[in-house]
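Below: one structure, written as structure tokens.
The values are calculated or read from the model by the stated rules, or taken from the named source; none is laboratory data. This structure is a prediction, so every number in the text was calculated from the model and none was measured. Glycine gets a Cβ as well: all are built from the backbone with ideal geometry, and neighbour counts include every protein chain shown.
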Amino acid sequence: MFKYLFYDIEGVTIRAYIETYGCWLNKSESEIIKGKLKKMGYKIVNNINNVNLVFINTCAVRKKTENHILERLKEIERKRQKYGFHVIVGGCLAAIRPYMILNTVKANILIPDNIEKIGEVIASKKNLADITTVKRTILPEYDGGIRYIVPICSGCLGNCTFCAGKIARPILKSYPIKVIVNKIKDAVKKGVKEIYLTGQDVASYGYDLKLSLIDLLEEILKIKGDFKIRIGMMEPSKTLEILDDLIEVYSDQRIYKYIHIPCQSGDEEILRKMNRKYTPEEYIYLVEKFRKKYPFINITTDVIVGFPGETWDAFNNTLKLIEKIKPDKAHVARYSLRPFTRASLFAQVSEKEKKKRSKIAIKKCLEIAYIRNKMLLNKKMRVLVTGMNIRHKSILARTFNYKQVIIEDIFSKKYLGKNIYVKINECTSIDLRGRLISTILNS
């Protein structure tokens, strides 16, 4: 049994390795796992070879991602046979493909609903794959650094016909406001500069607690400190329900003027087949309301091309909507058939056609993004330095509307977490390029 223990100078050390795929919610949940393991005495390491435990947090959003993860699990199984570590597979793929995973690697399954019970899985080596109604109570510990990722809810109120996430996370579970606010207060006291509020649909936050996202934001904004808040993805129909109050809350300078609202399609019939609860006109209204108050707000959207039944006319309606809303950034994805979803039973569009439409949509979105970024040329602005680009010897920063600025004339860690003034002198479709004007004392 001592096969699973490794020794270092300090004595017996149990080590764990965590590997994460997918969205910000998954990343935050890996931080929850990390915190739980540390309390159990594990040392978190970056090398998979000399460990007692391997936790793989998976994603199921696309077939390509699924295939990549399954190949990775084959590699891990070969290493497991060599080193003898315990493997636990979590995340959305663990919920929708448990038997496929167990046929690939000797492991235990821990679905997203049960991440707070990882200790039970380690102790009993049993699977925790049942959906539960247990409320979420544990948030990640702030472990230093500029950014703190806070999952405010898991699950959503929708039931899109293309989404496997609903199968993996079928019940909306919101964290209590007090739990969230206390964690953020602690992080702010310790020097955090960015708070990422994340979830499958943060606009749905609080419905299960008879609260709303507005209630949460108002409490967070009572916290004193110099920090920025990035609000995560919001489903349009739920966003419309709180639109006026949300626009008002956004007036606080600490909230990035950034909103991620997936349109998915600009065709009313396709939206109906997707089981989305808004029309193209309602989506346009939402964007226009935000842009009227905040002209430079960073509108980010998601678009699916080649959804089952999408004709060329329907696709062109999506292009018209993109042209109308002029998104600062768009994630264009070819429809990917996911198991156990209703859309998987619909008549499919050919892969050749999907690729063709994808190229057209991406080209249009990049052209629009470049035009939007050009609007900031020659402007002087305050930005928050959030990282470093080692390869290009530059620092990275975020503007008031969460656009990335590459500042190439300086390269020093002393700027991390600091606010500086830059002048934007270049841009591409995906970022801005700036020059340092001055630093801000005591930022």
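Structure summary
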quantity: Lone qualifier among GLU310, GLU288, GLU367, GLU323 - being acidic (Asp, Glu) and within 23 Å of ALA164 (Cβ to Cβ); calculated: GLU310
quantity: In segment 299-322, the residues that are within 25 Å of the chain's Cα centre (by Cα) and in a loop (DSSP other than H, G, I, E, B); calculated: GLY306, PHE307
quantity: Qualifying residue in segment 348-355 (condition: crowded, with 20+ Cβ neighbours inside 10 Å, out of contact with any Cys (no Cβ under 9 Å at 6 or more places or on another chain) and of a type in the set (Lys, Arg)); calculated: yes
quantity: Looking only at segment 44-78, and only at residues there that are among the basic types (Lys, Arg) and at pLDDT 95 or above, the one that is farthest from ASN26 (Cα to Cα); calculated: ARG78
quantity: Strands (runs of 3 or more DSSP E) completely within segment 362-441 that count 2 or more residues being touching a residue at least 60 places away in the same chain (Cβ under 8 Å) and surrounded by 15 or more Cβ atoms within 10 Å (Cβ to Cβ); calculated: 380-389
quantity: Single residue of segment 339-361 satisfying the filter (small (Gly, Ala, Ser) and assigned to a loop (DSSP other than H, G, I, E, B)) that is nearest to ILE270 (Cα to Cα); calculated: ALA347
quantity: Checking SER350 against (1) assigned by TED's automatic domain parsing to the domain that holds VAL188; (2) farther than 30 Å from CYS92 by Cα, the condition it does not meet; calculated: (2)
quantity: Test: ASP143 is surrounded by 15 or more Cβ atoms within 10 Å (Cβ to Cβ) and of a type in the set (Asp, Glu); calculated: no
quantity: Out of ASP215, ASP226, ASP208, sole residue that is part of a loop (DSSP other than H, G, I, E, B), touching a residue at least 24 places away in the same chain (Cβ under 8 Å) and of a type outside the set (A, V, I, L, M); calculated: ASP226
quantity: Among residues of segment 32-55, those that are of a type in the set (Ser, Thr, Tyr) and either in a loop (DSSP other than H, G, I, E, B) or within 22 Å of ILE152 (Cα to Cα) (or both), counted; calculated: 0
quantity: Of all residues making up segment 62-82, the number that are surrounded by 21 or more Cβ atoms within 10 Å (Cβ to Cβ) and within 15 Å of ILE167 (Cβ to Cβ); calculated: 1
quantity: ILE171, sole failed condition from (1) under 30 Å from SER237 (Cα atoms); (2) in the same structural domain as SER212 (by TED's automatic domain parsing); (3) surrounded by 18 or more Cβ atoms within 10 Å (Cβ to Cβ); calculated: (3)
quantity: Wholly within segment 104-198, helices (runs of 4 or more DSSP H) carrying at least 1 residues that are in contact (Cβ under 8 Å) with a residue 12 or more places away in the chain, more than 21 Å from the chain's Cα centre (by Cα) and over 30 Å from THR399 (Cα atoms); calculated: 118-124
quantity: Residue match in segment 326-336 (condition: more than 23 Å from the chain's Cα centre (by Cα) and either assigned by TED's automatic domain parsing to the domain that holds VAL405 or touching a residue at least 12 places away in the same chain (Cβ under 8 Å) (or both)); calculated: no
